[in-house]
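The values are calculated or read from the model by the stated rules, or taken from the named source; none is laboratory data. Fair warning: this is a prediction, and the values are worked out from it, not measured in the lab. Neighbour counts are summed over all protein chains in view; Cβ atoms, including those assigned to glycine, are modelled from backbone coordinates with ideal geometry. For accessibility, only protein heavy atoms count, side chains too; no ligands or nucleic acids. Shrake-Rupley method; radii C 1.70, N 1.55, O 1.52, S 1.80 Å.
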Amino acid sequence: KIFVKKMKEQNYKVYRKSVERIKYSNEFIGIWACASLIHVKRNNLAKVLKKCLIALEDNGIMYFSFKYGNKEIKKDGRYFNYINEEILFDLQKELDFKILKYYISSDVRIDRSEERWLNVIITKIVGG
């Protein structure tokens, strides 16, 4: 909420919506999905990422991050999808996007410094 508020204060056009419900086409130069797609079920992830790619302009950029690993869990009533490089590369083959950069980082919260995150920056391939 704070990010959206700050961006609107700077006169940026910002939407805060469930990524599973977006219906845009070639509209955005960038999508920021920090620690949000982790709640998309694994069997729905390719469909959701495809919606994001459709929403991007050609050569648009998207950032997303997931807890690092290969598991799906429920914790405190919430679903979490952990992905690793293998899952990322499988998504890339299926959806035909270009990975600009990916890296693993530690959680910045002191009480969770042992948790790792897969951070990914992709671009929509022209005509994709």
Estimated distance in nm for a label pair at Q10 and Q92, the labels positioned 7 Å out from Cα along Cα-to-Cβ: 2.9 nm
Placed amide H near E57: partners under 5 Å, 5+ positions off or other chain: E27, F28, I29
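Taking 0.36 nm per residue of sequence separation and subtracting the Cα-Cα distance, how much length would be gained by fully extending the chain between K50 and E20, in nm to one decimal? Could you put the intermediate results ahead of the total?
Numbers: separation 30, 0.36 × 30 = 10.80 nm, distance 1.02 nm.
Roughly 9.8 nm would be gained on extension.
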Cross-link pairs K41/K74; K51/K98; K23/K98; K23/K50 - those with Cα-Cα distance over 20 Å: K23/K98
Accessible area expressed per residue, segment 1-123, with surrounding protein chains retained (probe 1.4 Å, Å²): 67 Å²
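Restricting to the chain, compute how many DSSP beta bridges are antiparallel as a %, nearest 5.
Details: 20 of 26 bridges.
Antiparallel bridges make up about 75 percent of those DSSP assigns within the chain.
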In sequence order, calculated HN-Hα J values of segment 92-105 (Karplus, 6.51, -1.76, 1.60; Hz; x Gly/Pro): 4, 4, 5, 10, 6, 10, 9, 7, 7, 6, 9, 7, 9, 10
Debye intensity ratio in log₁₀ form over the Cα atoms of segment 12-111, taken at each q of 0.12, 0.13, 0.17, 0.21 Å⁻¹: -0.41, -0.48, -0.83, -1.24
Accessible surface of the chain [probe 1.4 Å, protein heavy atoms]: carbon and sulfur percent: 50 percent
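Find how much the distance from W32 to Y102 grows on full extension, using 0.36 nm per residue of separation minus their present alpha carbon separation; answer in nm with one decimal.
Numbers: separation 70, 0.36 × 70 = 25.20 nm, distance 1.44 nm.
Gain on stretching W32 to Y102: 23.8 nm.
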